[in-house]
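Right, one structure below, let's go through it.
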Amino acid sequence: MNNFFKIASFLLLTILNCKAQPNEPSRFIPNGYVEFEKYFGDLNKDGQEDCVLIIKKADTNNVIINRFDKKADKNRRGIIVLLKGRQGYQLVAKNYDCFSSENEDGGVYYPLELRIEIKNEKLYVHYEHGRYGYWKYTFRFQNSHFELIGFDASSNFGPITNRETSINFLTKKKLIRESTNENAEGGDETFREDLRKITLKSLIKLSEIKDFDKLDMYNY
């Protein structure tokens, strides 16, 4: 009788685990890729913890010896966005190789640092470049896609901000702020502002971006 209950318990746990598997974010990672980073937050105002996976291709052919005689994994990275519902996670956006490797050559400085943020039901793709500034892409889930609705960038020299750019793709307006104080030391800059309209046929979808490094926002 004890053996019967043991077997029954084992079968029940197996069934429960099988049912739980479809709800795991990792099951959406395609073959030949590995999980690089994982983020949670509400992306569609339903109070559920949605998931964003940053994945990385696992191809040994792209592991090289760099100019410092060290191994560098040059495999590109991608993104998977999952919305959580009653039946578990649902795939709503994927782009398997839109991000360069974290081991790209930064020249005299370190490579760009990619950071993902979920805030106020929006998805932020944030590139940081230390003392040289940053740029950030804002996506929102609408029209069954994650669409690019904003872009912000700052061009710096150490603590000094030389130029700031902000584009609102919903209002089709672009704000440029340029420092006019050549003797600024950081925090004491004065800016000249230029607000202009942009021409836009349609919003860019996250799933259609081939390479963030080649996504030129300054053409708008």
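Listed conditions (1) at pLDDT 95 or above; (2) in contact with a Phe, Trp or Tyr (Cβ under 7 Å, 6 or more places away or on another chain); (3) among the basic types (Lys, Arg) are all met by residue 173, apart from (2). The one condition from (1) assigned to a strand (DSSP E or B); (2) within 17 Å of the chain's Cα centre (by Cα) that residue 210 does not meet is (1). Here is the figure for segment 177-195: residues that are surrounded by 17 or more Cβ atoms within 10 Å (Cβ to Cβ) and either touching a Leu at 6+ places or on another chain (Cβ under 9 Å) or within 29 Å of residue 206 (Cα to Cα) (or both) total 1. Can you confirm whether segment 157-178 contains a residue that is in contact with a helix residue (DSSP H, G or I) (Cβ under 9 Å, 6 or more places away or on another chain), part of a loop (DSSP other than H, G, I, E, B) and not polar (S, T, N, Q)? Checked segment 157-178: at least one residue is in contact with a helix residue (DSSP H, G or I) (Cβ under 9 Å, 6 or more places away or on another chain), part of a loop (DSSP other than H, G, I, E, B) and not polar (S, T, N, Q). Hey, does segment 122-143 have a residue that's farther than 22 Å from residue 220 by Cβ and part of a loop (DSSP other than H, G, I, E, B)? Within segment 122-143 (the criterion being farther than 22 Å from residue 220 by Cβ and part of a loop (DSSP other than H, G, I, E, B)), the answer is no, since none of the residues qualifies. Starting from residues that are among the aromatic types (Phe, Trp, Tyr) and either surrounded by 17 or more Cβ atoms within 10 Å (Cβ to Cβ) or at pLDDT 95 or above (or both), keep the ones in segment 89-111 and report whichever is nearest to residue 41 (Cα to Cα). The qualifying residue nearest to residue 41 (Cα to Cα) is 89.
Where strands (runs of 3 or more DSSP E) fall wholly inside segment 40-102, the ranges with 3 or more residues that are within 18 Å of the chain's Cα centre (by Cα) and touching a residue at least 60 places away in the same chain (Cβ under 8 Å) are 50-57, 88-99. Note on segment 127-144: among residues that are crowded, with 17+ Cβ neighbours inside 10 Å and over 14 Å from residue 212 (Cα atoms), the one that is farthest from the chain's Cα centre (by Cα) is 133.
The values are calculated or read from the model by the stated rules, or taken from the named source; none is laboratory data. Only a predicted model underlies this, so the values are computations on that prediction, with no experimental measurement involved. Here Cβ is always computed from backbone atoms with ideal geometry, including for glycine, and neighbour counts include all displayed protein chains.
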